[in-house]
1. Taking region A:168-204, which residues are within 14 Å of chain B (Cβ to nearest Cβ) and not aliphatic (A, V, I, L, M)?
2. Looking at B:ILE404 and the list (1) within 12 Å of chain A (Cβ to nearest Cβ); (2) within 19 Å of B:VAL311 (Cβ to Cβ), which single condition is not satisfied?
3. Name the residue, out of A:LEU146, A:LEU161, that is surrounded by 18 or more Cβ atoms within 10 Å (Cβ to Cβ), of a type in the set (A, V, I, L, M) and within 9 Å of another protein chain (Cβ to nearest Cβ).
4. Across region B:499-522, what is the total count of residues that are among the acidic types (Asp, Glu), part of a strand (DSSP E or B) and open to solvent by 20 Å² or more (accessible area, probe 1.4 Å)?
5. Hey, among A:ILE187, A:ILE196, A:ILE177, which residue is touching a Lys or Arg at 6+ places or on another chain (Cβ under 8 Å) and in contact (Cβ under 8 Å) with a residue 60 or more places away in the chain?
6. Do we find that B:ASP269 is touching a Ser or Thr at 6+ places or on another chain (Cβ under 7 Å), among the charged types (D, E, K, R) and either part of a loop (DSSP other than H, G, I, E, B) or within 25 Å of B:VAL441 (Cα to Cα) (or both) in this structure?
7. Pairs, please: C-beta under 6 Å, at least 6 apart or cross-chain, first residue in contact (Cβ under 8 Å) with a residue 12 or more places away in the chain and under 14 Å from A:PRO175 (Cβ atoms) and in region A:134-147, second of a type outside the set (Ser, Thr, Tyr) and open to solvent by 70 Å² or more (accessible area, probe 1.4 Å)?
8. Of the residues in region B:425-436, how many are open to solvent by less than 30 Å² (accessible area, probe 1.4 Å) and farther than 25 Å from B:ALA344 by Cβ?
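The values are calculated or read from the model by the stated rules, or taken from the named source; none is laboratory data. This structure is a prediction, so every number in the text was calculated from the model and none was measured. Here the Cβ is made from the backbone with ideal geometry for all residues, glycine too, and neighbour counts use every protein chain on show. Ligands, DNA and RNA are excluded from the accessible area calculation, which covers all protein heavy atoms including side chains. Shrake-Rupley method; radii C 1.70, N 1.55, O 1.52, S 1.80 Å.
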Amino acid sequence: MANFLISRLLYAAIVLLGVSVAVFFLIRIGGDPSALFLPPEASIEDIQRFRHLMGFDRPLVIQYWDFLSRATRGDFGMSLRYEQPAMQLVLERVPATLQLGGAAFVLSIVLAVPLAILAAANRGSIIDRASLLISLIGQSFPAFWLAIMLILLFSETFHMLPPSGRGSWQNLVMPAIVLATYSTAIITRLLRSSLIEVLQSDYVRTARGKGVRESRILLSHALRNAAIPTLTVIGLQVGALLGGAVITEEVFAYPGIGRLAIQAIANRDFTVVQAFVLFMAAVIVVINLLVDLSYGLLDPRLRTGK
Amino acid sequence: MRKTTDPTGRSAHRRTEKGEQMKDILRRHFVAGTLGAAALALLPLAASAQNASTIVVAQAADAYSMDPAKHSAFPTANILFQIYDGLVSQNEKGDIVPALATSWSNPDPLTWRFKLREGVKFHNGEPFNAAAVKYTLDRALDPNFKAPYYSRISQIKSVTVVDDYTVEIKTDKPFPTMLLSLYEASFPALIVPPSYTAQNNSADLAAKPVGTGPYRFVEWKKDERVVLEANPDYWGGKPAVEKVIFRPIKETRTRIAELKSGGVDIAVDVPPEDMASLDGGETKISTVASDSLYFLAFDITRDTPLKDKHVRQAINYAVDVDAIQQALLNGMGTRIALTLPANAFGYDQAWKPYPYDPAKAKALLAEAGYKDGFTVPLMTRKGRYMKDSEIVEATAGFLAKVGIKVNIQYLEPGVWGQVSEKKGREGITFPGWSGRDPNLVWYPLLHTGEYQSYYSNPELDKLLDAGAGTIDQAERKSIYEKAAAIIKEDAPHLPMIQPPLIYGLDARLTWTPRPDGMIDLRKAHF
């Protein structure tokens, strides 16, 4: 177990280092923010003067080294636009995104798990077909479109929900639905197919032969085994939820990290983009680690690494 | 659906006596309970729309900083203009009017002397005086301060306190557009309180602003809202509306939905196609032709057909700008004869644009030796200005009709900047510009060697230098008249339109938009 953890942590460090290289150089391909930040009439001298003051004219490798050595000490630099520490700007917005992502996550589990169980237990039935249709639609709807449709329906037409902002639970309803749609679809589909597979296995037949009740077979015997592949996907979905939040937050003007990131990219606010991407990478690395560890809880065979 | 939690519990903060009584009934009747919760939830929505003592403004972005000298974004400036004042201001017609300065004069062409308003206090009680003006400008003029809008005030060489309420600003060269560098759209010219600003290296000001303006700062929830309250001691009179909230809503559809559902009172940048649905009932539309300029610029620094004056004139004849304005902008905005806002200094209403005459265009092209047309790149950005790509594509269609094939290249904003820095804009471009004086438009766009200029004409250069070199307005007017004749004839641009600014408003709100796009709530009322 200890070896496993150490190797995973090493792996995490390498991933984060790779991500830092990628984000640092990729965002700089399109040029630095000096011209975007100054007024249109700024002369070329003004731009160069500003660039020099900000240190954007130094060789990229040196800038990267500077960034990396500070970042390892927890200093991710100051935001150009906000004149505040970049990581602080990201972390300030994490609670809002967590709240939205959490609501969407719970919503998708609450919808997907019962739907998948019902579908698998009644294979070929109307419910099953409906579940397949729902997951197909859920996976194909673009979040942006769905968000606009919900706003048109519930805000503009019926005046039932506020189209934007944060503060009350009403503000969460539409963004959470939009965010949950894709993950609900994917979890339903996967859990259904693994349940069907497990239900055809020998031990389930044995259990049935012994006269175990079908509901017990389904919920206790089959679900636990079917959960392992599903869990991997759920873990991936957490990443997708955070990533999907970028679009959803923008449409619903929800003050989370996704909105900050979009704006920072548009403004070439390098430090904020770096802080955001590294934060996301760290979160996903940690979630993957937790998913790996949780396999052991579900499957005793994996606990000792046999 | 059956898994609904206790509805009254979820809206506990709005719990009323009635709600308490309903609780037991709701528990027993689940479906009714869900509906009841929805109904309870709807009440506050309806209520917020009825509040006439608050103006909620929805614009595309939040403030970046509350320090006026530390940002370069218009949405931020709109918020700060309610909190701070400049020495001078602009009225709704676009004239420069007194603000913290009551009058000004030029003892000599290099000196601007301002008499300051007496008895004005900052929101924290600090007195406004000549020292505050000097402190404000000196701070932003310090190169190490890194004010993004430094270039707008960099002509100022020194600021001198003459007495408590007189200040002198000196320049090295005559600076005819000084007043446009001191009003609110010149961001670092908004006056800050010296003692408070000096605290914590301006960090206090950047988080909790203190100005002399009509509204005082209350709260800033980042990316969510900025809340301001009326300043009862405002020198211009207490504003009619008690509270102002600025909300950042980037997505146009969402801003419109907020306006329609009563969540906001002013929504900026409404697309022309949404105007009809917002004009009538509880909402209305307010528009004004902006100071911005839509035009095509031709690169004559490279050896292309565009170097030939006849070709440039032909393009002017070939494009039906009126039709484009009608079709894409609902006829709004102002058609311009030269690349200069029609309300700018020196603009003569008698100027006429080239008429739409494709036959004449073809004849000119033939005369220039391009009977069969030619191909040229057209570089622009997409979504930088309202309907920009649509206008560019319509233009390309008109040009195709006379045999000019344009290859439209949409550049990402950062790449556009990179290309521009290398003087790399080729062929035709749609750069956009703004400015209320020929010295702010023609000089940067047409003077030989200027960063934004892809044109050169020694005769015009002389006139533009002369116009920049004097503060005598009558003299400048005659100089720019001559310059205008050259520009019209030599056609370095295809001047198009001052596009409109379109706002969606709560129908009960009285508020007038300004051509420069700054939002001024001083006189707004329900």
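1. A:SER168, A:TRP169, A:GLN170, A:ASN171, A:PRO175 - these are the residues of region A:168-204 that are within 14 Å of chain B (Cβ to nearest Cβ) and not aliphatic (A, V, I, L, M).
2. Condition not satisfied by B:ILE404: (1).
3. Result: A:LEU161 is the single residue among A:LEU146, A:LEU161 that is surrounded by 18 or more Cβ atoms within 10 Å (Cβ to Cβ), of a type in the set (A, V, I, L, M) and within 9 Å of another protein chain (Cβ to nearest Cβ).
4. Start the filter on region B:499-522 by keeping residues that are among the acidic types (Asp, Glu), which leaves B:506, B:516, B:520.
From the residues that got through so far, the ones that are part of a strand (DSSP E or B) too are B:506.
Subsequent filtering for residues that are open to solvent by 20 Å² or more (accessible area, probe 1.4 Å) retains none.
The total comes to 0.
5. Working: A:ILE187 fails: touching a Lys or Arg at 6+ places or on another chain (Cβ under 8 Å); A:ILE177 fails: touching a Lys or Arg at 6+ places or on another chain (Cβ under 8 Å).
Just one listed residue meets the conditions, A:ILE196.
6. It is true that B:ASP269 is touching a Ser or Thr at 6+ places or on another chain (Cβ under 7 Å), among the charged types (D, E, K, R) and either part of a loop (DSSP other than H, G, I, E, B) or within 25 Å of B:VAL441 (Cα to Cα) (or both).
7. A:ALA143/A:ILE247; A:PHE144/A:ILE247
8. As a first pass, look at region B:425-436 and keep what is open to solvent by less than 30 Å² (accessible area, probe 1.4 Å): B:425, B:427-433, B:435.
With farther than 25 Å from B:ALA344 by Cβ added as a condition, the list becomes B:427.
Matching residues across region B:425-436 total 1.
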